[in-house]
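This report refers to the structure that appears directly beneath it.
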Amino acid sequence: MSSKSFQTLAATLGMTSDTQFGAVTPPLHLSTNFTFDGLGRRREYDNSRSGNPTRDLLADAIAKLENGYGAIVTSSGMSALTLLTHILPPQAHVLAPHDCFGGTHRLLTALEKKGVLSVSFIDFSDLKELERDLIQGADLVLVESPSNPLLRIVDLKKIGDLCKEHDTLYAVDNTFLSPALQRPIELGANLVIHSTTKYLNGHSDVVGGAIVADTQDLHSQLTWWANCTGLTGTPFDSYLTLRGIRTLFARMRTHLENSAKLVNLLTQHPAVKKVYYPGLESHPGHHLAKEQQSGFGAVISFEVQGGIDQVKVLLEHLKLFTLAESLGGVESLVAHPATMTHASMTAEARKRAGISDQLLRLSVGIEDGDDLLRDLKKSLDEVQNSRIKLNQAAAKDGLLPMGLI
Ligand SMILES: *Cc1c(COP(=O)(O)O)cnc(C)c1O
């Protein structure tokens, strides 16, 4: 590990690496191919699918920030997960979270249908269940913490210990926190997955991914498959993502500061039924999050009082939270999981996963926290007013006693 802090690494990795002109910021190498020095004399690079100087700078930065051996930069978070499936043995058995990212669920289920692998979706908070499954034999354990959208936390270190005991490959999708707030390899993970689309790039203008390996052997297997399948990221996307990483820690500090303010409002407002945020003492994963993370993250989920009509009122009044999927950008977003990110699940499956129609998910940006606070408060006040009006009307019609909505 470097003696520099991770924040310094993020701000400086790849800087002053240009040997030709001494450029402070590294140049962008768009070239698809590179000359040979002579017959049989290959230089460091030959073809940008297999290797590219700009992409390598980004890979090196992500690997160092995750404290890993090396990283592969891929064209999306999903292609990083696809790459992961390529290093598994034939007919591999995969253990994945029952509440994993929708795209991950779809990928693993589709590969199972084709007979490529088999998958069990399990609850990783039940370590006894995990141990039973590991004894029966598994080739890969893939976890996410915090989970989406309910921010469930699982014990990364204990899962790591069990995987080690059973000699099982252990991968953690660290997209929701980034290495600024959590470094799974230090807790025993062999591989770390990122959708760099989210916090690492942070500006909602690149779809990208990465997979970090803890050993040279894993890294070289991934390098081979990345070139073979061609799912490596483009130089321009790599350039932008490396540029985004320079401000990762500064952005994250503001993300966290704003999130704390909004959580405080949400827990006190009468129009809010329940708040899901690991920073809350009442959150079941609070102590674990405190141990294994260095911040509680900037995704907050909550249920509004009432039903879909109250959700509509809230969404109509929010000005600074844009209704959109994804997360991790500088701009604040609000999503309605039941009709957006988790719409492909059946209503029954959503219910089992605890995703109600009143649930909203915020990706808290880096705007002025007080502006965000005012916007959310004003919109929640409108929800509250609409409930009071509804209650009064219902009581007048003799339909409902006051206070039932
Ligand atoms: C977004 C996301 C992905 C997929 O990433 P893309 O870049 O959209 O392909 C994977 N895992 C998690 C946890 C995500 O949030």
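Once you sort the root eigenvalues of the Cα gyration tensor of region 89-193 as a ≥ b ≥ c, which label holds: rounded (a/c under 1.5), prolate (a/b larger than b/c) or oblate (the other case)?
Here region 89-193 falls in the oblate category.
Tally Lys/Arg at +1 and Asp/Glu at -1 over every other residue whose Cβ is under 10 Å from the Cβ of T175; what's the total?
Net charge in that neighbourhood comes out at -1.
Nearest-5 percent of antiparallel DSSP beta bridges in region 3-245? Write out the running numbers ahead of the final one.
Values: 13 of 29 bridges.
Of the beta bridges lying entirely in region 3-245, close to 45 percent run antiparallel.
Specify the residue with the greatest mean-square fluctuation among T32, T223, T197, computed from a Gaussian network of the chain linking alpha-carbon atoms under 10 Å apart.
Between T32, T223, T197, it is T32 that shows the largest mean-square fluctuation.
In deg cm²/dmol, rounded to 500, what helix-only [θ] at 222 nm does the chain give when every DSSP H run of at least 4 residues adds -39500 (n - 2.57) and the total is split over its residues?
-12500 deg cm²/dmol
Debye sum, Cα scatterers, the chain, no solvent: what log₁₀ I/I(0) at q = 0.07, 0.11, 0.12 1/Å?
-0.36, -0.83, -0.96
Quick check: from the Cα gyration tensor, does region 215-280 come out rounded (a/c under 1.5), prolate or oblate?
Prolate is the answer for region 215-280, as a/c is 1.5 or above and a/b outweighs b/c.
Could you tell me what % of all Cα pairs in region 230-331 have separations over 17 Å?
So the portion of pairs separated by more than 17 Å is 65 percent.
Counting C-alpha atoms alone, how compact is region 132-188: give Rg to one decimal and Dmax as a whole number, in angstrom.
Cα only, region 132-188: 11.6, 36 Å (Rg, Dmax).
Once you put a point 7 Å from the Cα of S50 and another 7 Å from the Cα of A395, both along the Cβ direction, what distance in nm separates them?
Result: 7.6 nm between the two label points.
Taking only Cα atoms, what is the 0 to 90° angle, nearest 10, from helix 77-86's long axis to the longest principal axis of the chain?
That works out to roughly 50 degrees.
With no solvent and one equal point scatterer placed on each C-alpha of region 277-405, evaluate the Debye formula and give log10 I(q)/I(0) for q = 0.10, 0.14 Å⁻¹, two decimals.
For region 277-405 at q = 0.10, 0.14 Å⁻¹, log10 I(q)/I(0) is -0.40, -0.75.
Step through the residues of region 137-144 one at a time and calculate ³J(HN,Hα) from phi using the Karplus curve (6.51 cos²θ - 1.76 cosθ + 1.60, θ = phi - 60°), rounding each to whole Hz and writing x for Gly and Pro.
Per residue, the Karplus-derived 3J(HN,Hα) values read x, 9, 9, 8, 10, 10, 10, 10 Hz.
Based on the mean of other Cβ atoms within 10 Å per residue, sort peptides 108-116, 379-387 so the most packed one is first.
379-387, 108-116
Relative to the longest principal axis of the chain, what angle (0 to 90°, nearest 10) does the C-alpha long axis of helix 308-317 take?
Value to nearest ten degrees: 70.
From the square roots a ≥ b ≥ c of the eigenvalues of the alpha-carbon gyration tensor of region 329-405, which class results: rounded (a/c under 1.5), prolate (a/b over b/c), or oblate?
oblate
Which of I122, I135, I211 moves most in a GNM of the chain, Cα contacts under 10 Å?
Highest fluctuation among the options: I135.
What area, in nm² and to one decimal, does the C-alpha convex hull of region 273-351 cast on average over all directions?
Working: hull surface 26.1 nm².
Average of the hull's projected areas for region 273-351 equals 6.5 nm².
Relative to the longest principal axis of the C-alpha atoms of the chain, give the angle of the C-alpha long axis of helix 369-396, reported between 0 and 90° and rounded to the nearest 10°.
40 degrees
At what distance in angstrom do the alpha carbon centres of region 1-72 and region 205-236 lie from each other?
The distance from the Cα centre of region 1-72 to that of region 205-236 comes to 13 Å.
When the Cα atoms of region 3-245 are enclosed in a convex hull and the volume is divided per residue, what value in Å³ results?
Taking the convex hull of the Cα positions in region 3-245, it is 135 Å³ per residue.
Of H98, P184, A394, which is farthest on the positive side of the dipole of the chain, counting Cα position, with +1 on Lys and Arg Cβ, -1 on Asp and Glu Cβ, and the Cα centre as origin?
With unit charges placed on the Cβ atoms, the residue in question is A394.
Structure shown: which of K164/K261; K274/K312; K157/K198; K64/K164; K274/K378; K157/K319 lie over 29 Å apart, alpha-carbon to alpha-carbon?
K164/K261; K157/K319
Read-outs throughout are calculated quantities, based only on the coordinates presented, and are distinct from any laboratory measurement. Not measured: the values here are computed from a predicted model. Ideal geometry is used to build each Cβ from the backbone, glycine not excepted, and the neighbour counts take in all protein chains shown.
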